[in-house]
1. Can you tell me which of (1) buried (at least 23 other Cβ atoms within 10 Å of the Cβ); (2) modelled with pLDDT of 95 or more is the one Arg340 doesn't meet?
2. Would you mind stating whether Pro158 is over 18 Å from the mean Cα position of the chain (by Cα), surrounded by 18 or more Cβ atoms within 10 Å (Cβ to Cβ) and either in contact (Cβ under 8 Å) with a residue 12 or more places away in the chain or under 29 Å from Thr266 (Cα atoms) (or both)?
3. Being in contact (Cβ under 8 Å) with a residue 40 or more places away in the chain and not basic (Lys, Arg): is that true of Gly322 here?
4. Failed condition for Ile305, given (1) within 12 Å of Val111 (Cβ to Cβ); (2) at pLDDT below 95, with all others met?
5. Mind counting the residues in the range 162-177 that are touching a helix residue (DSSP H, G or I) at 6+ places or on another chain (Cβ under 8 Å) and closer than 13 Å to Leu204 by Cβ?
6. Out of everything in the range 207-245 that is of a type in the set (Ser, Thr, Tyr) and out of contact with any helix residue (DSSP H, G or I) (no Cβ under 6 Å at 6 or more places or on another chain), what residue ends up being surrounded by the fewest Cβ atoms within 10 Å (Cβ to Cβ)?
7. Can you pull out the residues in the range 243-280 that are assigned to a strand (DSSP E or B) and of a type in the set (Asp, Glu)?
8. Restricted to the range 166-206, and to residues that are touching a Pro at 6+ places or on another chain (Cβ under 8 Å) and assigned to a loop (DSSP other than H, G, I, E, B), which residue is surrounded by the fewest Cβ atoms within 10 Å (Cβ to Cβ)?
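The values are calculated or read from the model by the stated rules, or taken from the named source; none is laboratory data. A quick note: this is a predicted structure, and the numbers were derived from the prediction, not measured. Note that we place each Cβ from the backbone using ideal geometry, even for glycine, and neighbour counts take in every protein chain shown.
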Amino acid sequence: MADDHLGEEAQPQSARPLHSSPLSLHSVGSSHPNIATQIAPTIQPDSEESDEAYAESITTSYVTSIASEISKGVLENDRIYPNYGKHSYGLPVDEHEMDRLDLQHRKYELVIGDRHFLAPVGPTPQKILDLGTGTGIWALDVADMFPSAEVIGVDIAPIQPKWVASNCQFEIDDVEADWMYKEDSFDFIHFRDPLYCIRDWPKLMSQCLSHLKPGGWCEFACIYPVPMCDDGSVPETSGFKSVCMKFMEAGRIFGAPLDVPLHFATYMREAGFVDISENIFKVPASPWPKDKRLKQIGALEMTNILEGAEAFGSRVFHQVFGWSKEQIEVVLMDMKRDVRNRAYHQYCQYIVVYGRRPT
């Protein structure tokens, strides 16, 4: 179920592991007749060297600092991490991380064509739920988009602003626990970047389905953190790829595999959703593309990777692999060097899947 209004940057793209051959733009038939899949086109690299300050200038223009209070958290490596929920969460919840999350929000909107979501939600939804809301920026934008709707954002960390629109509210809860909301009550349920936080996907999908109104929509969107390349410009020894593979290994150990975006469509189908659409985008890891919009996305993503990997790796690599602070710094230094290398035409997939509850 492709969206005919997506821009070039939002069209489905071929995604292959390192040293893959690019595919031409087209819709791709899914292995199941009830799932429509689109992949986006090959990205053309920029042949000219750009000012190194480009990424920083783009990033600075989008970062917004939200004043908030961390009422529950633990201090590790000079960063604050959440101390709520059944399982530990790998990313910090301090102000620096909030800035990164808001930057990431803008990046994702650019990726999907300056939109908040892809699901064909009607013009007058009455109730919307944003799972893992983070800073609440998506929920706030959608509350502004639909002033007559009640928008609820839920997260394990209280990092949302205290003063919000009257139709938006935030709650602190673990989305893996049994929901207290009334069933058959939401028009739209949204969840973005659920990495390292969900262990029981069948239960989550079942709760999403049962809490939607008949005909309501659910959308899951997430980065698949495995670097890919279509032209063979990235060596297999890439520090970026090496770090990503360790993150993948940590996810399996945590019981929350990071390849989950590849299975969103299947999980939704098995839960009972219909009219499922899978949309795959390419997100450049740095401003290497020729296309100006993709270059802008790459600049934002490079900052996102450099800051996110350090915040996440500092905790996960120590807890899971027992690495020392010095070991972690060396590994991350190699990663940062390769991410900044514009001769490496690497990208990650951003996968957006939505489906409807049957009427």
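1. (1)
2. yes
3. no
4. (1)
5. Adding up the residues that qualify gives 2.
6. Thr237
7. Asp275, Glu278
8. Going through the qualifying residues, I end up with Asp184.
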